[in-house]
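Worksheet: the structure to be examined is printed underneath.
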Ligand code: ACM
């Protein structure tokens, strides 16, 4: 048993067992436990997709196909994938409740509460993966992937271990700006794969800004036709078609990641005003803008076209995106009186609520009265007074923490770093990791913090290598802040576990930053 079991984020319970490892062999079979379920078509069983992932994972590592079975062959050496009963009545996660749980009831009591909980038990004679929901099973598959060891002789083994795990926060996200620089679907899939690998469950896409509009909406075809061709500085742009959007959503869902789309209003709207002149008092389209200033563009409450626009774009977005949340932006509107700002944010929120969705907004919306209960207020500029957050939470809002000085992963690692900005300071591995979400905003009511979301703004980030260089290793650290119990977090321990992750990123061919705060060379044994 090695000293370091490189699972990130740290599980609630991880007990190495002093016993021989599980060795993947030609006889290895993945068994979907369908016991107790009325299953006519095993392929349609809700545990089957996770079992397919396990068979694929083990087969690819071992270099041969691994069989999938729907009945226990009754011989040692199988990997059992099982959904337990006892699904909670309501989802604790951000989005739809988990699929109905089925199973035979054994061992359900040993799982922690919540629909993302899972358990992985590895012994020489077999592996058991249990959860209440498909999302929980996907987390278990990820843990198994991180435990897997490929040996120099070509063998593949998993150390004997017992993992019992569940997340601290229901919302563990990354906000990605695809407006300043477009991120193509293949590149986006790499980012989504990383989210899944670190058990992050929300991809918040910042789809619109002054520079560009990136999602084709049926009611407003001119948005992408006129305002998506470029990125900051005249770099190439692009947009997502409805078919691209479905592909992104499906790819994310299979990895336990939900997409929260953002249309940013009532500021950051030059791309919309360039496409539709009716959004401007003089009726004329604005010029394309490819710089990186903020705060200059704005909608106008007294133009009827504004309200039709808000109803159309948020209606389309809600219809195109399953999931409970739609983000209305609301940040950095520097040229508007508070009353007009409040009216426009309420109009956007009403358009979202009309489709049965919950509103998310950047921290400025905390000042707006009359937002629907349960609205999520996203902190980003941590230089501000906590009082409006406390007041909003007391009115029923939930708080999502994205403090710039901690989790804005577009901040430079240090002053000499070639990529990124530095308005919120420099963010090294330790800064992203060593902070406590419950202490960030003193005075919040208990339970007000819904989670933690990293952010990656792309003013200076042009390529997939740029994105992953900023994400890795800091995204793994933020994921641990959001997932792991405070007593399970320790920077020295994290850096030891991350050593194996650096090797994994290298094997995938990802660019990443060898932070001097990490330990990237495995000790020679
Ligand atoms: C933001 O960084 N303007 C939300």
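We did not get these values from a lab; they are worked out from the coordinates using the rules stated. These numbers come from a predicted model, not from an experiment. Heads up, the Cβs are rebuilt from the backbone with ideal geometry, glycines too, and the neighbour counts pull from every protein chain shown.
Between residue 67 and residue 250, what is the spin-label point distance in nm, taking each point 7 Å from the Cα along the Cα→C-beta axis?
Output for this residue pair reads 3.0 nm.
In Å, the Kirkwood hydrodynamic radius of the stretch 407-446 over pairs of distinct alpha carbons?
Averaging 1/r across every pair of different Cα atoms and inverting gives 11.4 Å.
If you wrap a convex hull around the Cα atoms of the stretch 313-417, how much volume per residue is inside, in Å³?
130 Å³
What's the percent breakdown of Cα-Cα distances in the stretch 176-298 across 10 Å bins, shortest bin first?
Going out from 0 Å in 10 Å bins, the stretch 176-298 shows 14, 44, 30, 11, 2 percent.
Hey, what number do you get for the chain at 222 nm if only DSSP H runs of n ≥ 4 count, each worth -39500 (n - 2.57), divided across all residues, to the nearest 500?
Calculated mean residue ellipticity at 222 nm is -9000 deg cm²/dmol.
Starting from the Cα of residue 189, step 7 Å toward the Cβ, then list every residue of the stretch 443-482 with an amide N under 16 Å from that point.
464
Under 20 °C and 1.002 mPa s, how fast does the stretch 376-425 diffuse according to Stokes-Einstein, given a Kirkwood radius computed over C-alpha pairs? Answer in µm²/s, whole number.
177 µm²/s
Determine the principal axes of the Cα atoms in the stretch 233-380, then give the extent along each, sorted from largest to smallest and rounded to whole angstroms.
Here the Cα extents, ordered largest to smallest, are 46, 40, 28 Å.
Put a dot 7 Å past each Cα toward the Cβ at residue 125 and residue 25; how far apart are the dots in nm?
Between residue 25 and residue 125, the simple spin-label model gives 1.3 nm.
Would you kindly compute the Cα radius of gyration of the stretch 363-402 and its largest Cα-Cα separation (Dmax), both in Å?
9.0, 26
Quick one: divide the alpha-carbon radius of gyration of the stretch 114-252 by 2.2 N^0.38 Å and tell me what you get.
Its radius of gyration relative to the 2.2 N^0.38 Å reference: 1.38.
Test of understanding: what is the full-extension gain from residue 434 to residue 43, defined as 0.36 nm times their sequence separation minus their Cα-Cα distance?
Gain in length upon complete extension: 136.4 nm.
Return, ordered by residue number, the residues of the stretch 123-148 whose backbone nitrogen is under 19 Å from a label point located 7 Å along Cα→Cβ of residue 507.
Only 139-148 fall inside the zone, counting backbone N under 19 Å.
What do you get when you divide the Cα radius of gyration of the chain by 2.2 N^0.38 Å, with N the number of residues?
Taking N as the residue count of the chain, the ratio is 0.99.
Fewest Cβ neighbours within 10 Å first, please rank 499, 208, 143 accordingly.
Ordered from fewest to most neighbouring Cβ atoms within 10 Å, 499, 208, 143 come out as 499, 143, 208.
Can you figure out the FRET efficiency of residue 421 with residue 492, using R₀ = 30 Å and their beta-carbon distance, to the nearest 0.05?
0.55
How big is D for the stretch 402-522, in µm² s⁻¹ as a whole number, if Stokes-Einstein is applied with the Kirkwood radius of its Cα pairs at 10 °C and 1.306 mPa s?
In µm²/s, the coefficient is 106.
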